[in-house]
Amino acid sequence: MRRTNKRGPDSCIDAVGCEASGHGSADAVLDKVKAATFLATDRVHVLRQAIMACRKAGTVSIPGVYVGMGDKIPLGAAMNKGLTIKTGQTHVQAYTKPLLAKIVAGEIDPSFVVTHPASLEDAPGMYQKFRDKEAGVIKVVMRPGR
Amino acid sequence: MRALCWHGRGDVRVDTVPDPKIEHPRDAVIKITACAICGSDLHLFDGYQPTMESGDILGHENMGEVIELGSEVTNLNIGDRVVVPFTISCGNCWFCQRGLFSCCDRTNPNAEIAAKAMGQSPAGLFGFSHMLGGYSGGQAEYLRVPMADIGPIKIPHSITDEQALFLSDIFPTGYMAAVNAQIQPGDTVAIWGCGPSASSRSAPLSCWELGASLPSTKCRSVWQWPKPGVPKSSISRRRTSMRN
């Protein structure tokens, strides 16, 4: 807030999606209970924060994946603050050519995200480690056909 | 072939399953040379996504070598090295014609189920439930690629698999997130999910990339993003006060 003259960020990006942990905050605990009892499917803690934090007339971009129903999304805040909410599964085919050109030109090297090369047979264990945020697992890459 | 199959919440196993084959003239079959586990695969692993069935093959970040082609795929050759977008799109419908490929009207054979849940059906996706097409994913030795004349992009040998693979999802996803954020020069951008959630890793990179063409844009996040040729000290990496 200090950095934005107390206006709030111009744009907020929710890159977490439906499994926000919320670190034990009251709304996140309620989300977990609701998901466990089938009263809701998605845990929308991050989306709530993004809407509440975003400056008036700002933009909330949601690349994080949501799958079903979320509860207590502050639509009143979004409406009254005049937010723009943009989201969607990626239109991948629209971006592959220009982004490949950036990689080939050496402008960007996305391989920096790879933390764990693994075999396909290792995959079940890697899913578990990735889910439980163990051993620094961020990106597992497997090479089954080589 | 060997493939990573979903069997229930928290239960994935590597099984031996039938090899994929050409089922339509616009199909290709590729030998998977690299594939990745996406943060959204964890939603499947944790049982959040409806309409998963036991035995479904996971994986939507895929690349490989073309080993078989349908008769209508004329832009690829056997042996081509390709990255496959996770969205399956026909290229011809109202949405595809407007570049809205993930909204393709024709690639979800289970569109009725998706429409009941969402009003209309989005595009089919690799390895992402029956509601979204029931297509087998690529965490496997081989993958059938529908609409292979539209999706796969040929990769030059000057770059490695690890450099190219993320064109399948997380690099364009982070980039589109930054485009959707409608960043203007001088803007401050807050990003949630710069931890282990993989698709978020390219969002700061992409914000900054957009910023590179808008010299006064400043993007800040908890993640440190590298860029060739730029001294790290010139990039601000201070934490936002509203980080998750």
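The values are calculated or read from the model by the stated rules, or taken from the named source; none is laboratory data. Since the structure is predicted, the reported quantities are computational estimates derived from the model, not experimental observations. Positions of Cβ are backbone-derived with ideal geometry, glycine not excepted, and every protein chain shown enters the neighbour counts.
Quick one: count up the residues across the stretch B:6-31 that are more than 8 Å from chain A (Cβ to nearest Cβ), under 18 Å from B:Tyr48 (Cβ atoms) and assigned to a strand (DSSP E or B).
4
Given the options B:Ser71, B:Ser102, B:Ser89, name the one that is assigned by TED's automatic domain parsing to the domain that holds B:Asp27, surrounded by fewer than 16 Cβ atoms within 10 Å (Cβ to Cβ) and among the hydroxyl-bearing types (Ser, Thr, Tyr).
B:Ser71
Being under 30 Å from A:Arg3 (Cα atoms), surrounded by 21 or more Cβ atoms within 10 Å (Cβ to Cβ) and in contact with a helix residue (DSSP H, G or I) (Cβ under 6 Å, 6 or more places away or on another chain) is the requirement here; does A:Pro63 meet it?
Working: under 30 Å from A:Arg3 (Cα atoms): yes; surrounded by 21 or more Cβ atoms within 10 Å (Cβ to Cβ): yes; in contact with a helix residue (DSSP H, G or I) (Cβ under 6 Å, 6 or more places away or on another chain): yes.
So A:Pro63 passes the test.
Suppose we keep only residues that are closer than 28 Å to B:Gln97 by Cβ and aromatic (Phe, Trp, Tyr) within the stretch B:132-170. Which one would you say is surrounded by the most Cβ atoms within 10 Å (Cβ to Cβ)?
B:Phe166
Only one of A:Met69, A:Met142 is without any contact (Cβ under 8 Å) to a residue 40 or more places away in the chain, closer than 29 Å to B:Gly47 by Cβ, facing chain B (nearest Cβ under 7 Å) and aliphatic (A, V, I, L, M). Can you tell me which?
Only one candidate passes the filter, namely A:Met142.
Answer yes or no as to whether B:Leu205 is modelled with pLDDT of 90 or more, at the interface with chain A (Cβ under 7 Å from one of its Cβ atoms), in a helix (DSSP H, G or I) and within 28 Å of A:Ala135 (Cβ to Cβ).
So B:Leu205 does not fit the description; no.
Of the residues that sit in the stretch A:37-65 and are β-branched (Val, Ile, Thr) and either in contact with an Asp or Glu (Cβ under 6 Å, 6 or more places away or on another chain) or at pLDDT below 95 (or both), which one is farthest from B:Ala177 (Cα to Cα)?
A:Thr37
If you check B:Glu112, B:Glu72, which single one turns out to be outside any helix (DSSP H, G or I), modelled with pLDDT of 95 or more and away from every other protein chain (no Cβ under 12 Å)?
Just one listed residue meets the conditions, B:Glu72.
Looking only at residues that are within 18 Å of B:Val17 (Cβ to Cβ) and touching an Asp or Glu at 6+ places or on another chain (Cβ under 8 Å) in the stretch B:45-61, which one is farthest from the other protein chains (Cβ to nearest Cβ)?
To start, the set of residues in the stretch B:45-61 that are within 18 Å of B:Val17 (Cβ to Cβ) comprises B:52-60.
Next, only the ones that are touching an Asp or Glu at 6+ places or on another chain (Cβ under 8 Å) stay: B:55, B:58-60.
Numbers: B:Gly55: 15, B:Leu58: 9, B:Gly59: 9, B:His60: 10 Å.
Taking the candidates together, the pick is B:Gly55.
So, of the residues in the stretch B:62-102 that are in contact with a strand residue (DSSP E or B) (Cβ under 7 Å, 6 or more places away or on another chain) and aromatic (Phe, Trp, Tyr), which turns out to be farthest from A:Thr87 (Cα to Cα)?
Here the residue is B:Phe86.
Mind counting the residues in the stretch B:32-49 that are without any contact (Cβ under 8 Å) to a residue 24 or more places away in the chain and part of a strand (DSSP E or B)?
Counting residues in the stretch B:32-49 that are without any contact (Cβ under 8 Å) to a residue 24 or more places away in the chain and part of a strand (DSSP E or B) gives 0.
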